[in-house]
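Each value in this text was obtained by applying a stated rule to the coordinates, not by laboratory testing. Here the structure is a predicted model, which is why all the values come from computation and not from measurement. A quick note on method: Cβ atoms are made from the backbone with ideal geometry, for glycine too, and the neighbour counts reach across all protein chains shown.
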């Protein structure tokens, strides 16, 4: 059984004894019913990941000793940026969660012409805090040790003027384009633009194409925005990231039979 992973925003070093924050302590002591001597993994988002042992346990105060530095999960070789038209409620949570699992390095919530979500400054701050908590939890679950960057919501026009990337794609049901077959150098940036529930407007689509975005069609069926993001990110990671290694693995096993 895999060990529990917890994100802690603090400096970590081997043989150090640290007190976990109140949220993590409560989760371990009251929800998971952990005990002194139990092992888990702690990471700080800076590349450090440690096997730790619980040495003291109280309801709001759990102390752990960093017993072993672990080799963290390798990040994908390319940087995939998801620019997502803000979806309503749990749909946006789902998109963020799955984007983290699929290895994105940046998530940009976009306010588009057809966005159904209206956020004033106060609500934006609250939603951003909530989305970052979803992102953090997804990192803990998926084994990632470097949380993706989660930016504040941006207006489509403002974001489009400044965006750059080695390959930029925008989903569109009205084209028949295929992904270009090429090997990207390590650290290359791939940008994926997806509209909200109502999709991007014709004007926004035209602006994106003029900016150099390649329209991409995921097939004959109409996909919801949360399905489209999951499908497109999986395809991009297969073609340009580390999911393509699965194909090589299977070929190698077949040759051994």
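A compact table of results
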read-out	value
Relative contact order of the chain, pairs being alpha-carbon contacts under 8 Å that are 6 or more residues apart, as %	19
Nearest 10 degrees, 0 to 90: helix 89-101 Cα axis against the chain principal axis	80
Angle between the chain longest axis and helix 225-240 axis [Cα atoms, degrees, rounded to 10]	80
Ranked by how many other beta carbons lie within 10 Å on average, peptides 86-94, 99-107, 165-173 from highest	99-107, 165-173, 86-94
Cα centroid separation, segment 69-105 to segment 157-209 (Å)	17
145, 203 arranged by Cβ crowding within 10 Å, fewest neighbours leading	203, 145
Peptides 34-45, 224-235 ordered by average Cβ neighbours within 10 Å, highest first	224-235, 34-45
Theoretical gain in end-to-end length, residue 166 to residue 227 [0.36 nm per residue, Cα-Cα removed]	19.5 nm
Between helix 121-142 and the chain: long-axis angle, C-alpha atoms, 0 to 90°, nearest 10	70
Order of 157, 21 under a 10 Å beta carbon neighbour criterion, fewest first	157, 21
Difference of contour (0.36 nm per residue) and Cα-Cα distance, residue 146 to residue 118	7.1 nm
Order of 159, 131 - criterion: other Cβ atoms within 10 Å of each residue's Cβ, fewest first	159, 131
